[in-house]
Amino acid sequence: MTTTTLLYLLAGVLFIIGLRGLGSPRTARRGNLIAAVGMLVAVLVTVASIIDDTGVMWWTIGAGLIIGGAIGAVFAVRVQMTGMPQLVAAFNGFGGGASALVAATEILATDGDFATETGVTVALSIAIGVVTFSGSFIAYGKLQGLITGRPMSLPGGPWFNAVLAAISLGVGIWAVWSGDPTAYWILAGVTFVLGITAVVAIGGADMPVVISLLNSFSGVAAAMAGFVIGNQALIIGGALVGAAGLILTIQMSEAMNRSLANVLFAGFGTEGAAAFDAGDRPVNRASPDDVAISLAYAQNVMVVPGYGLAVAQAQHAVRDLATALEERGINVEYAIHPVAGRMPGHMNVLLAEADVPYEQLLDLDHSNPRMANTDVVLVVGANDVVNPSARDDASSPIYGMPILEVDTARTAVVVKRSLSPGFAGIDNPLFYEESTMMLFSDAKAGLEEVIAALKEL
Amino acid sequence: MSELFVQGIVVFVLAAFVGFEVISKVPQTLHTPLMSGANAISGITIVGAILASAFADGAAATILALLAVVFATINVVGGFLVTDRMLEMFKRKPAKKE
């Protein structure tokens, strides 16, 4: 028992060292490896602690490890970098579900007869674990395009989820107080629905924040399951992830200049989507040749990637275009908005995949001062993060969100399939500026045509 | 409240503070791998799932416990592997500019 606990502590220390390593580019990969070793230690210690017991159902454990390991490995190896946010959401859902299931087996084993404090943690593992499970899969569906990215309005608006949350709380109290297993199962049912309705009401553009919050939840669920079974490894690992996820979530909400409550309950973008009408305002429609010419005579080019780049798998095309421009002595940099894509740092991962040098990626604070000196800004599949109404129009739902001020550059080229609004469902005045050229095309196909046109020049 | 439970609260609070401190200054570039790596760590519930399977009594408990092990293992194995794949790309930093 004592040795087991000490070795669990070792696993916990390895998690902390690993997380610390993940915080810096040079040590990140080793950090991940160290955390994985910590996990291996925890699993081996657990197996060792029961190896001498009689009646252990080894086949259940073995089968679970083999099946789960195979599924996890296949998905991890097969996924394309653009599909990463969905996959992380799905893995996260499985983690939350597992914690809820651990608590559920305890309910079956004891028939709900817990000390009050244990009962509370059972109810919390069930509630948080199940919300994480159903919520993560809805987030998966939204990111994968299986469900509309638009926030869905519920009867009663934000009150719908508030009432559902209050019901969950009531059922949870009933379960702990009565010790009736049925109450716990009802709690699982209500929170399953709550996870779904809470996430469908949030727009696709806010999914990075949601996934990060659900990640934090899966940690808390694991920690609560740790209390239920009296296991320190779960408490340490779960608390670490709960706190880390919460920090990331807050940082991301701040990057959008919104409070977490606003992200979760505001049903952001529902009204803008309905009001959108492009009307007959003129836009500068450009051909790939026009774009190639303006790029060829530029000195400084800034690329602004967004989710459209990920959808079109255009990261290699962007890199090829940048190489072609650099061969002409043109300076190319990339401006990355903190919430570009569907996951924090999503664009950095994609561009790294295409071998774009790390030093060329600029964040918001470093790229905006350079815009005025930039001849051509190439906006590839980004929309809301370059919308000037966030700066100028106090009535805009995204007013106050820091943006990449591409309208201050000499020319902005926007590669986009149509004028349709982005995930937030808001019209973008940038598209109608005189200094803006619109190249209506799929990001990858459009860029390839520009590269071809550039070679002709 | 049992001694073990109180010890658990102590550990929980301290670990949460460590989590806050360790993460608070991370560059944006690493947010995705960090989230994915942290996500894999939350698969620590695999330990609970293994213990639950070991002594599961009856068909319902066995099925739930088996599912718990499968889910947790997907989270752990998939999470660490996919994080490694992402970070591998960061490492291959071509200094061949110019």
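Please treat every number below as a calculation from the coordinates, not as lab data. Owing to the predicted nature of the structure, the values given are computational and were not obtained by experimental measurement. Reconstructed Cβ throughout: ideal geometry from the backbone, glycine too, with neighbour counts over all protein chains shown.
Calculate for chain A the 222 nm mean residue ellipticity that helices alone would give, adding -39,500 (n - 2.57) per DSSP H run of length 4 or more and normalising by residue count, nearest 500 deg cm²/dmol. Numbers along the way, then the final one.
On the way: 18 runs with 282 residues, N = 457.
Calculated from helices alone, the mean residue ellipticity at 222 nm is -20500 deg cm²/dmol.
Would you calculate a helix-derived [θ] at 222 nm for chain B, using -39,500 (n - 2.57) for each DSSP H run of n ≥ 4 and dividing by the full residue count, to the nearest 500?
Numbers: 5 runs with 70 residues, N = 98.
It comes out at -23000 deg cm²/dmol, rounded to the nearest 500.
Convex hull over the Cα atoms of the stretch A:1-109, averaged projected area in nm²? Write down the numbers at each step before the final one.
On the way: hull surface 34.3 nm².
The Cα convex hull of the stretch A:1-109, projected and averaged over all directions, gives 8.6 nm².
Tell me, rounded to the nearest percent, the portion of alpha carbon pairs in chain A spaced more than 44 Å apart.
Details: 22094 of 104196 pairs.
That fraction is 21 percent.
In Å, what Kirkwood hydrodynamic radius results for the stretch A:278-456 from the alpha-carbon pair distances? Write down the numbers at each step before the final one.
Numbers: mean 1/r = 0.0629 Å⁻¹.
Radius from the Kirkwood sum: 15.9 Å.
With θ set to phi - 60°, apply the Karplus curve 6.51 cos²θ - 1.76 cosθ + 1.60 along the stretch A:379-385 and write out the HN-Hα couplings as whole Hz, x wherever there is a Gly or Pro.
8, 10, x, 10, 9, 4, 6
What are the residues whose amide H is under 5 Å from the amide H of A:Ala335, where those residues sit 5 or more places off or on another chain and H is modelled from the backbone?
Those qualifying (amide H under 5 Å, at least 5 residues apart or on another chain) are A:Val303, A:Val304, A:Leu362.
Any chance you could give the angle, 0 to 90 degrees and rounded to 10, that helix A:207-229 forms with the longest Cα principal axis of chain A?
Between the helix axis and the principal axis of chain A, the angle is about 10 degrees.
What's the magnitude of the charge dipole for chain A around its Cα centre, counting Lys and Arg as +1 and Asp and Glu as -1 at the beta-carbon? Answer in Debye, nearest 20.
Using Cβ point charges on Lys, Arg, Asp and Glu, chain A gives about 600 debye.
5 Å is the cut-off here: which amide hydrogens, built 1.01 Å from N in the peptide plane, fall below it relative to A:Leu439, excluding neighbours closer than 5 in sequence?
The answer is A:Ala286, A:Val414, A:Val415, A:Lys416.
In cubic angstrom, how much convex hull volume per residue do the alpha carbon atoms of the stretch A:86-268 span? Write out the running numbers ahead of the final one.
Numbers: hull volume 18.3 nm³, N = 183.
Convex hull volume per residue, Cα atoms: 100 Å³.
For the stretch B:44-92, state the semi-axes of the equivalent ellipsoid (square roots of 5 times the eigenvalues of the alpha-carbon gyration tensor), sorted largest first and rounded to whole angstrom. Could you put the intermediate results ahead of the total?
Working: eigenvalues 206, 13, 4 Å².
The answer is 32, 8, 4 Å, longest axis first.
Below 13 angstrom from the Cβ of B:Asp57, what's the summed charge of the other residues (Lys, Arg +1; Asp, Glu -1)? Don't jump to the answer; show the numbers that get you there.
Values: positive: none; negative: A:Glu106, A:Asp111.
Once all neighbours under 13 Å are counted, the net charge is -2.
Give the relative contact order (percent, whole number) for the stretch A:1-55; include only Cα pairs under 8 Å separated by 6+ residues.
Numbers: 52 pairs, mean separation 21.2, N = 55.
Once normalised by length, the contact order is 38 percent.
Taking the dipole about the Cα centre of the protein assembly as shown, with the C-beta of Lys and Arg at +1 and of Asp and Glu at -1, give me whichever of A:Leu309, B:Val18, A:Ala354 is farthest to the positive side.
Comparing the listed Cα positions along the dipole, A:Ala354 ranks first.
Could you tell me, in Å, what Rg and Dmax come out for the Cα atoms of the stretch A:1-55?
13.5, 47
What spacing in nm lies between the two simple spin-label points modelled at B:Met1 and A:Tyr297, each 7 Å away from Cα in the Cβ direction?
So the two model labels end up 7.4 nm from each other.
Which whole-number percentage describes the relative contact order of chain A, with Cα contacts under 8 Å and a sequence gap of 6 or more?
Values: 803 pairs, mean separation 65.3, N = 457.
Result for chain A is 14 percent.
In percent, how large is the relative contact order of the stretch A:278-456, given Cα pairs closer than 8 Å and 6 or more residues apart?
31
Starting from the Cα-Cα distance between A:Tyr432 and A:Arg328, subtract it from 0.36 nm times their residue separation and give me the gain in nm to one decimal.
Numbers: separation 104, 0.36 × 104 = 37.44 nm, distance 3.01 nm.
Here the answer is 34.4 nm.
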